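Input: a single structure, listed below in structure tokens.
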Amino acid sequence: MPIRVLLADDHQMVRQALKALLDGEGFQVIDEAGDGEQALRLAAEQRPDVAVLDVAMPVLNGLDAAQEMKRVSPKTKTILLTMHAETHYVLRALSAGAKGFLLKTHAAEDLVRALREVSRGGTFLSPEASRALMDAYQTKVDLSPDPLSPRERRVVQLIAEGQSTKQVAALLKISVKTAETHRARIMTKLNIHQTAGLVRYAIRRGLIVP
């Protein structure tokens, strides 16, 4: 039985290229998503064996999508694709439960190997991610807990992407007043007073990619 894969990337050409690659290697790409929220919905419906998630996706980034996927589809394993191998991305990916972390600059064969390894219950880290993890261990990097709830992180991401409070409310299916309350609580928690500060926080936490 082929390994069932869900692809999530906000660039259609990337998804098409990955699907062509995986189809040729005997995988079954069961569906595609253009953002993290759609990926979660499809995972809950179709229960893929592995979800390949781009880190930098709109509405809900790949890191938070990986964490939420453990809840909506517990048996689905996740592999994160990114252009960035900074330590905080790798640590957040692992803390979110990702089983693979791979740079987009790598050869296509590496993704094939990662999928096969992860589907067998193993893990796959690119050499850059392994070095970042080793550096974090040796320098005792402290990834302090995020003071925000998952919903608050989503609000920060949307604000950092340039969405207005009304647009945030519509995307999250909440009232404008509730969205305003979330924003005020976030700024109080983080001691941030301007939108620019929220953007910088989102970048540091890997919620958006600069």
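Just so it is clear, none of the values below were taken in a lab; they were calculated from the coordinates. Source: prediction; values computed, not measured. All Cβ positions, even for glycine, are placed from backbone atoms using ideal geometry, and neighbour counts span all protein chains on display.
For the chain, the 222 nm mean residue ellipticity estimated from helices alone, with every DSSP H stretch of n ≥ 4 adding -39500 (n - 2.57) and the total spread over all residues, rounds to -16000 deg cm²/dmol.
Apply 1/(1 + (r/R0)^6) to the Cβ-Cβ distance of residue 181 and residue 105, taking R0 = 30 Å, and write down the FRET efficiency to the nearest 0.05. Spell out each step's value before the answer.
Values: r = 41 Å, r/R0 = 1.38.
Plugging the Cβ-Cβ distance into 1/(1 + (r/R0)^6) gives 0.15.
Here the label points at residue 151 and residue 84, each 7 Å from Cα along the C-beta direction, are separated by 2.7 nm in the simple model.
Full extension of the chain segment joining residue 120 with residue 200 gains 25.0 nm, where the gain is 0.36 nm per residue of separation less the Cα-Cα distance. How far, in degrees from 0 to 90, does helix 36-46 lean away from the longest principal axis of the Cα atoms of the chain, to the nearest 10? Helix 36-46 sits roughly 50 degrees off the main axis of the chain.
Would you kindly calculate the translational diffusion coefficient of the chain, applying Stokes-Einstein with the Kirkwood radius from alpha carbon pairs, for 10 °C and a viscosity of 1.306 mPa s, and quote it in µm² s⁻¹ without decimals? The calculation lands on 90 µm²/s. Would you mind computing, in nm to one decimal, how far apart the modelled labels at residue 19 and residue 167 are, each placed 7 Å from Cα along Cα→Cβ? Label at residue 19, label at residue 167, 2.7 nm between them.
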